[in-house]
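Down below is the structure, laid out as structure tokens.
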Amino acid sequence: MADHLKDNVVQTVLGPISADELGVVLPQVQILSIIPGAEFAPEIEMDQQKQYDALKVALIEYKRLGGQTIVDNGGMFKGRNVQLYRTLSKETGVHIIASTGLGPGTMVGSYFTTQQTEPPGPMPLDRLAEMFANEITKGTVIPRRERTGPAGLICTAANKDGITEFEKHLYRGSAQAALQTGAAVSIQAGKDPVYELDILEKEGLDVSRVIVGGLDSLDADERGDALTIARRGAIVALDHAGWTPNRGYVSNDRRAQLVLELFKEGLGDRVIISSNAVGYAVGHEASQIGFDHVLTSFVPMFREAGATEEQVKQLLEVNPQRILSLEGEKGLFKPEVEGVDITWVK
Amino acid sequence: MGKINTVLGPIATEQLGVTALHEHIGFGLPGCDLDTKWWEARPKMLEVTINKLRRFRELGGRTIVDCTGIGTGRDISYWQVVSRVTGVNIVPMTGFVSGDTVLPYFRDKSIEYLADLFYHEITVGIEGTNVKAGAIKAGVSRGGLSELDERVYRAAARAARAAGVPILTHLSIDADRQMDLIEMEGLSLDRIVIGHSDGKEGLDPERDFRIAERGAYVGYDTIGFDTEKGTPEVPAPFWARPKGERLDQVMNLFNAGYANRAIISCDANCFALGWASTEHSVAELLENFIPDLKDRGVSDETVKMLLVDTPASFLTMQDPQPNLVEAAKKATAQV
Ligand SMILES: [Zn+2]
């Protein structure tokens with residue numbers, strides 16, 4: 001890889017860059033979010049030009065506000081379009097990091113859950129891990145045609161009613177892929193974040209490489225999950241900024257307090273902030289919260305609550321830059337043909 | 001006189017000719033496209049596919065029904081190329097192979113929604129094209145008929161009544177319940193093939209007679225999935241049968257006078273998507289199975305009935321009754 005890359009390398013859809021080039025990062029959002037199957041429904045409009053235009057406007061506004069990087073945590077089966085992301089990144093100058101991974105179980109196709117074997121079973125663990133790892137080292141897949149720019153993160157999620165057996169399988173596969181590549185794992189926690197973190201840790205993954213999302217839900221706040229998870233060494237994602245108690249999440253006031261509490265406990269290097277925004281939703285309702293919300297609403301409130309500029313920087317830049325960096329070189333993107341964007345099908 | 005929808009537009013019943021009612025250009029479970037293990041360059045896929053269909057045509061074959069439902073590899077523009085190049089008519093289907101292949105967007109949809117979806121694909125077009133479906137797929141999930149499967153069956157029956165097309169199913173498991181659902185929705189059982197009655201999965205030869213007696217069609221439509229074809233590299237799939245055993249089963253029904261209640265097809269994939277198929281082709285229907293039937297004394301007239309007459313009467317669209325979808329909706333609303 002190029003010499004300008006220092007120790008910390010992050011993989012954007014346009015290839016690896018040095019982590020300090022990321023600047024202000026918005027993690028834990030979805031750029032394009034399509035419920036699997038919606039593309040086959042006659043009432044659904046699949047118009048890439050509309051998607052592109054809306055996303056470009058949102059990214060330019062995000063950049064105007066000082067944002068430099070955005071991280072799509074949708075994984076490989078919820079509408080991810082890395083070709084579109086690459087064009088958007090080139091046109092807007094915003095770094096985009098795409099993710100591999102699957103989940104929650106309700107959003108997964110039966111190829112992964114119910115293979116044509118007797119008895120039926122999920123895709124074997126080693127194959128899942130291989131598939132995720134290859135998206136990081138060889139590039140993300142565009143079905144049955146090519147591989148393009150790499151994934152930089154492994155994302156999975158559990159059911160809100162509690163993690164299922166299949167989702168545990170996905171968690172384990174994600175952990176194994178993380179071990180193989182040095183990429184971080186981001187989970188959107190279900191009912192029991194501590195137990196879900198255990199699953200990843202048992203697989204041998206260092207919990208400092210795990211982002212636990214959804215810890216600003218009312219339930220998680222009541223249990224004190226943010227502190228518990230941070231003390232374990234994992235990364236706390238308070239990633240529903242702008243969401244409100246009537247939708248099951250704490251207010252921004254409380255969210256800012258939670259971040260300050262973590263700093264007070266000396267755990268300020270283990271928290272990130274996001275809005276779980278969806279840039280463009282197809283086939284489902286999404287919150288109206290945009291990519292701008294963290295910078296326009298949360299950060300001013302955070303400052304007002306007493307945060308220092310150093311803390312703001314830690315939250316928006318230092319922490320996400322560190323977490324998104326690959327550990328070691330084993331996961332570094334190596335396209336089969338050096339200098340070429342695509343790898344054709346054999 | 002009659003009409004059948006194909007990927008290149010409607011054709012007359014008389015143009016169908018020798019027809020295999022349950023085949024696939026390529027079937028794969030949703031998500032398999034993301035696993036590069038199964039990727040093959042399109043030119044290679046196309047070559048293999050064309051060769052198999054050309055062979056079918058050289059042996060007298062003229063039409064296949066592609067039983068790949070929504071989201072499992074159905075690819076209209078690709079199939080149009082295949083049909084143009086080979087001259088084989090391809091009848092596309094709406095519907096779902098089974099509940100467990102239904103993609104997340106559709107999993108919680110109502111019977112009314114699903115009936116509208118199928119009706120739309122038969123009368124307006126599939127996935128934004130003007131290519132219309134000629135039949136409806138429904139089927140049984142692994143582990144038996146599920147609640148979602150039942151919704152799909154009911155919706156399929158409603159759309160079939162309204163649009164005049166028939167239904168073909170994946171699996172004969174819970175056949176009695178399948179037929180009950182169809183009848184409850186007011187569709188005549190001669191508009192449904194209960195599929196894969198000859199497969200090992202849930203095998204029950206006694207059931208064939210019940211299907212025939214109730215007036216539905218027994219689908220002997222996994223012909224060529226023979227256990228003998230298994231190799232160490234590609235073992236025969238779990239639904240495969242010893243070749244002779246399948247023939248015995250078919251002949252038992254025929255000898256009881258029910259050849260007119262059966263259909264024969266291969267369920268062969270020209271190019272399987274996301275799974276390893278043993279060597280298989282729709283051409284085997286004409287190359288191997290018909291000679292086997294003749295060896296067992298099946299007459300030329302019966303062969304013609306199986307290959308031409310039954311498929312023609314089954315596939316020919318009946319008078320559409322579009323008001324039925326509306327009527328069913330109103331009836332449900334009143335309950
Ligand atoms: Zn089939």
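A short reminder: the numbers here are calculations on the coordinates, not readings from a lab. It should be emphasised that the depicted structure is a prediction, and the values quoted were computed from it without experimental measurement. Note that we place each Cβ from the backbone using ideal geometry, even for glycine, and neighbour counts take in every protein chain shown.
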Practice problem: Calculate the mean, over all residues of peptide B:34-44, of how many other protein chain Cβ atoms lie within 10 angstrom of the residue's Cβ. | Solution: 6
Self-check item: Per-peptide average of other Cβ atoms within 10 Å, ordering B:112-124, A:32-44, B:5-17 highest first
Solution: B:112-124, A:32-44, B:5-17
Self-check item: Shielding by partners, peptide B:273-279 (average Cβ within 10 angstrom, other chains)
Solution: 2
Exercise. Sorted from largest down, give the three principal axis spans of the alpha carbons of the stretch B:1-66, whole angstrom values.
Key: 46, 25, 18
Exercise. Would you compute the Debye intensity of the stretch A:10-323 from its alpha-carbon atoms alone, equal scatterers and no solvent, and pass along log10 I(q)/I(0) at q = 0.10, 0.16 Å⁻¹ to two decimals?
Key: -0.51, -1.42
Self-check item: Options A:Ser251, A:Val236, A:Asn134, ranked by Cα towards positive dipole end of chain A, top entry (Cβ charges)
Solution: A:Asn134
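Tell me, what is the percent relative contact order of chain A, built from C-alpha pairs under 8 Å that lie six or more residues apart?
For chain A, the relative contact order is 22 percent.
How large is the convex hull of the Cα atoms of the stretch A:231-346 per residue, expressed in Å³ as a whole number?
Values: hull volume 21.5 nm³, N = 116.
Convex hull volume per residue, Cα atoms: 185 Å³.
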Quiz prompt | Within the stretch B:82-154: Cβ-based charge dipole about Cα centre, in debye rounded to nearest 20 (Lys, Arg +1; Asp, Glu -1) | solution = 260
Practice problem: Would you please calculate the Kirkwood hydrodynamic radius of the stretch A:7-85 over all C-alpha pairs and express it in Å, rounded to one decimal? | Solution: 14.1
Quiz item: Based on the Cα gyration tensor of the stretch B:3-334, what are the three equivalent ellipsoid semi-axes, each the root of five times an eigenvalue, rounded to whole Å and given largest first?
Solution: 27, 23, 20
Self-check item: Selection from B:Ala155, B:Tyr119, B:Leu103 lying farthest towards where the dipole of the stretch B:3-334 points positive, charges on Cβ
Solution: B:Tyr119
Exercise. Calculate the tail of P(r) for the stretch B:56-141: the fraction of all Cα-Cα distances greater than 17 Å, expressed in %.
Key: 49
Quiz prompt | the stretch A:13-61-the stretch A:155-193 distance, computed between alpha-carbon centres (Å) | solution = 22
Practice problem: Please give the average number of partner chain Cβ atoms lying within 10 Å of the Cβ of each residue in B:24-32, rounded to a whole number. | Solution: 5
Exercise. State the three equivalent ellipsoid semi-axes of the stretch A:272-321, derived from the C-alpha gyration tensor as the square roots of 5 times its eigenvalues, in descending order and whole Å.
Key: 26, 12, 6
Quiz prompt | Dipole magnitude of the stretch A:37-94, debye to nearest 20 (Cβ charges: Lys/Arg +1, Asp/Glu -1, about Cα centre) | solution = 360
Quiz prompt | Convex hull per residue volume in Å³, alpha carbons only, for the stretch B:185-334 | solution = 152
Quiz prompt | Loop-located trypsin sites (Lys or Arg not before Pro) in the stretch B:228-327 whose Cβ has at most 14 other Cβ within 10 Å (DSSP) | solution = B:Arg296
Quiz item: Among the listed pairs A:Lys138/B:Lys37; B:Lys3/B:Lys52; A:Lys160/A:Lys313, which are separated by more than 23 Å between their Cα atoms?
Solution: B:Lys3/B:Lys52; A:Lys160/A:Lys313
Quiz item: Counting other Cβ atoms within 10 Å, which GluC sites (Glu not before Pro) in the stretch B:191-243 have at most 15 and lie in a DSSP loop?
Solution: B:Glu233
Quiz item: What's the Cα-based Rg to Rh of the protein assembly as shown, Rh via Kirkwood?
Solution: 1.03
Self-check item: GluC sites (Glu not before Pro) restricted to the stretch B:33-89 and DSSP loop, no more than 15 other C-beta within 10 Å
Solution: B:Glu40
Quiz prompt | the stretch A:10-323, dipole about Cα centre (Lys/Arg Cβ +1, Asp/Glu Cβ -1), debye to the nearest 20 | solution = 540
